[in-house]
Structures are given as structure tokens and as C-alpha cells.
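K.L.:
Got a structure for you, written out below as C-alpha cells; questions coming shortly.
The values are calculated or read from the model by the stated rules, or taken from the named source; none is laboratory data. This structure is a prediction, so every number in the text was calculated from the model and none was measured. As a convention, Cβ positions derive from the backbone with ideal geometry for all residues, glycine included, and neighbour counts pool all protein chains shown. Accessible surface areas use protein heavy atoms only, side chains included; no ligands, DNA or RNA. Shrake-Rupley method; radii C 1.70, N 1.55, O 1.52, S 1.80 Å.
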Amino acid sequence: MSDETSTTATAPSAVTTAAGDQDTDSSTTLNKPHIRWSDSYTKAHDAIQSLSSILPSVPPSLSSSETPAACLLRDTETAAQISKLLRQPYSGAGDDNLCRWLYDTFQSNEPELHLVVLRFLPVIAGVYLSKVNLHKPLAGFEAVLLALYAHETSSRNSQSITVNIPDLSHSSIYHETNKAAKNSATELNLAVISPTLEPYGTVRSMKRGRIVGVALELYYAKIPQIPVESKLEFCEFCRIWSSGQVGEDNGDLKRRIHLPWELLQPILRILGHCLMGHKKDEKLYESAIGAIGCLYERALHDLNTKAMLATGSLLQLVKLATECEDVDYTEITETNTITL
């Protein structure tokens, strides 16, 4: 798919450079509206032009905007059309033009276009995981997921993500001590958040959860910049993944799926953001609570203690937040009961 990436990206940049060297008529230049043709602008513009041949309609404002990638990310009409196509029964095959567009757009290596592709990851992962057991050809979806996985593998240099858990056996950096500092990594109490990544060229059943999970970790890393509509779609698929609904509604598969910890962990991080993000959206908040509740019931059904603890903790946070809003600390309660 990457062989078909546009090769005209540098042409507008070269034209601008040449124009910039000609200062013979500065007064004329000052009176004309100037748009700086950068490589990023050209790639975003080319992506929109390619998309217009796939979707029924693309708003003209996207092509005429000075920030086409940002407009494409936030345009709800275009997003709705893309999501609808991704949910169709025939979506995700190797000849799926939309999946090819998503792959090529992500391979452009433009951060803003990366966000555009990540915005549709909940639908891609949701439909893919729902269809995978139907033994349908899904090479288009898998190509996009492998591109996200390869990008994250390269960014981490194949290293694991760890955090240092506070340990009383180590001296605090905020207090004086006579003991020698322990700098050896082997002496630190490290917890692995995401294990070491191995390069994969294909999606095998044993590695599917890991590949999709890493893609969701990349989504979580960029989640403050992702539109709310994408997060609502993610909560929707979380409810479907945990409980499942037999059948197909308007091409949208609704099936209960296997939820290994490598997939559930990034799911819960994303839902945690939806609950406690700095920009609280009431609709998103309620949707996240519903999704966590479904995952908690699924954990009880599967007797998955780790999942029960994680989802139960998020529900407890919701309960505490609700109780804090209802408490009137100026009210003096009268009681004869002494609580020990």
C-alpha cells in the first residue's frame, strides 16, 4: 500500500522556494494573500483529494482550508461517512479503498494525519474484532493495525514501558540520608506497563490481542487531541465487546469477543480518561460509566479477578465522585451513635 503514496508532495514546496527568492516586486507581494505551501499542507491536501474519490461527498471547505489536516480531524460530516463505510459487511478486505487510504495516510508520517487515522481506530478495532471469528478476509483492517503497531514499535525502539513504584527501602529524593544512593536499575521496584514489542509482519491469532492493544496504547497517548465523537464510539464498542449482541444491524456486527489482559489494560486506560479527563463531557462521562459497568459484569462472568479489581476500582471512583457532589460539609449531623 505504501508504494502508492503521493510523489507530488515536494512540488508546491519547490514552487514556494523559488517564489521566495524573487523579491523584485515586494509591494505587490505584500498586497496579495499569502499561503505557505509546506510539505505537511501538501500531504494533507493530497489525502483529502484521494478521500473525495472514496466518499459520496467531501465538504469543499476541507480543501480550501489553510489547515486541512486539522479540519479533516474535526469535520463531523466526513467522519460520519467514514465510520459508516467501515461498519459495512464488506469492509476490511484487502481491496477496500478506504482501508488503503487510511494506511497510506498514516504512512505519510505527518503527526496531524496520524491523528486523523487514530480518530477512526475505535471503529476499525471494533469491527475487526467482531468479524475476525467469521473467517472473512480482513487484510485491509490488518494492514492499518500493523502500521500502527510498527510505528509504536519503532518509536519505543522495541523497549518496554515501565514505571518505578515507590519503595520504602529506597531513600526519598526529598530527604537527607547518609546512605549511598541506589542507582542500579536492578534495585528499583519496576512495574511493566507494556512489555517489549516484537516486529510482526502478519496478524496471527495468538498475537492479535497484543497488536490491537498496542494500537490502542498509541490511541491513548494521543487521546487529548482526539475528538469526543471518537471516544463515544469507543465506549459503544466496549459495551459490545463485553456483552455482545447476536446479529447484524445495518451492517454493524455486534459480537462478544475474547478480552485478554493485553487488550483490556489499554481499554481501561482510555475509559479512565473518559471519566476523569480535564474537559469533562457529560455524554461521554455517562457512556464511559455504562461501558465500565458492562466490562465489570463480564469480569464477574469470566471470574477474571484482575479485571474485576480494575473495573471495580473505576466504578468505585465514580461512586466516590458522586458522593462528594452530594455532601454538604456545612451541615451538622445529629446522632447518638459512635462509630469506631
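K.L.:
Can you give me the number of residues within the stretch 206-239 that are of a type in the set (Lys, Arg) and over 19 Å from Leu264 (Cβ atoms)? Before you say what the answer is, go through the steps one by one.
P.N.:
Step one: filter the stretch 206-239 for residues of a type in the set (Lys, Arg), giving 207-208, 210, 222, 231, 239.
This time we only want the ones that are over 19 Å from Leu264 (Cβ atoms), so: 222.
Selection size over the stretch 206-239: 1.
K.L.:
Same structure again: Restricting attention to the stretch 47-59, which residues are part of a helix (DSSP H, G or I) and in contact (Cβ under 8 Å) with a residue 24 or more places away in the chain?
P.N.:
Residues of the stretch 47-59 part of a helix (DSSP H, G or I): 47-52.
Selection gives Ala47, Ile48, Ser50, Leu51.
K.L.:
Could you please find all residues in the stretch 203-230 being in a helix (DSSP H, G or I), under 17 Å from Ala70 (Cβ atoms) and either open to solvent by 10 Å² or more (accessible area, probe 1.4 Å) or not β-branched (Val, Ile, Thr) (or both)? Even if it seems obvious, please write down each step before you answer.
P.N.:
Step one: of the stretch 203-230, the residues in a helix (DSSP H, G or I) are 208-221, 223-225, 228-230.
Filter once more, keeping what is under 17 Å from Ala70 (Cβ atoms): 223-225, 228-230.
Pro224, Gln225, Val228, Glu229, Ser230 - these are the residues of the stretch 203-230 that are in a helix (DSSP H, G or I), under 17 Å from Ala70 (Cβ atoms) and either open to solvent by 10 Å² or more (accessible area, probe 1.4 Å) or not β-branched (Val, Ile, Thr) (or both).
K.L.:
At least 1 residues that are closer than 14 Å to Ala215 by Cβ and in contact with a helix residue (DSSP H, G or I) (Cβ under 9 Å, 6 or more places away or on another chain) in each: list the helices (runs of 4 or more DSSP H) lying fully within the stretch 60-163 that qualify. Steps first, answer last, please.
P.N.:
Working: elements: 60-64, 68-74, 76-86, 97-106, 111-118, 121-131, 139-156.
Answer list for the stretch 60-163: 97-106, 111-118, 121-131, 139-156.
K.L.:
Still on this structure, I have one more. Being assigned to a helix (DSSP H, G or I), without any contact (Cβ under 8 Å) to a residue 40 or more places away in the chain and closer than 15 Å to Glu229 by Cα is the filter; apply it to the stretch 264-301 and report the residue that is least open to solvent (accessible area, probe 1.4 Å).
P.N.:
Top of the filtered list is Tyr285.
K.L.:
So, one more: Please verify whether Pro89 is open to solvent by 30 Å² or more (accessible area, probe 1.4 Å) and at pLDDT below 95, treating the condition exactly as stated.
P.N.:
Working: open to solvent by 30 Å² or more (accessible area, probe 1.4 Å): yes; at pLDDT below 95: yes.
So Pro89 passes the test.
K.L.:
I've got another one for you. Does at least one position in the stretch 145-153 carry a residue that is closer than 16 Å to Leu216 by Cα and of a type in the set (S, T, N, Q)?
P.N.:
Kept after step one, since they are closer than 16 Å to Leu216 by Cα, are these residues of the stretch 145-153: 145-153.
Retained after the next criterion (residues that are of a type in the set (S, T, N, Q)): 153.
Scanning the stretch 145-153, I find at least one residue that is closer than 16 Å to Leu216 by Cα and of a type in the set (S, T, N, Q), so the answer is yes.
K.L.:
Answer yes or no as to whether Ser40 is in contact (Cβ under 8 Å) with a residue 60 or more places away in the chain and part of a helix (DSSP H, G or I). Even if it seems obvious, please write down each step before you answer.
P.N.:
Numbers: in contact (Cβ under 8 Å) with a residue 60 or more places away in the chain: yes; part of a helix (DSSP H, G or I): yes.
Yes.
K.L.:
Right, another one. Report the residue count in the stretch 121-158 for those that are polar (S, T, N, Q) and either under 17 Å from Ser108 (Cβ atoms) or in contact with an Asp or Glu (Cβ under 6 Å, 6 or more places away or on another chain) (or both). Quick ask: steps written out before the conclusion?
P.N.:
Of the residues in the stretch 121-158, the ones polar (S, T, N, Q) are 130, 133, 153-155, 157-158.
After this cut, where a residue has to be either under 17 Å from Ser108 (Cβ atoms) or in contact with an Asp or Glu (Cβ under 6 Å, 6 or more places away or on another chain) (or both) as well, the list is 154-155.
Selection size over the stretch 121-158: 2.
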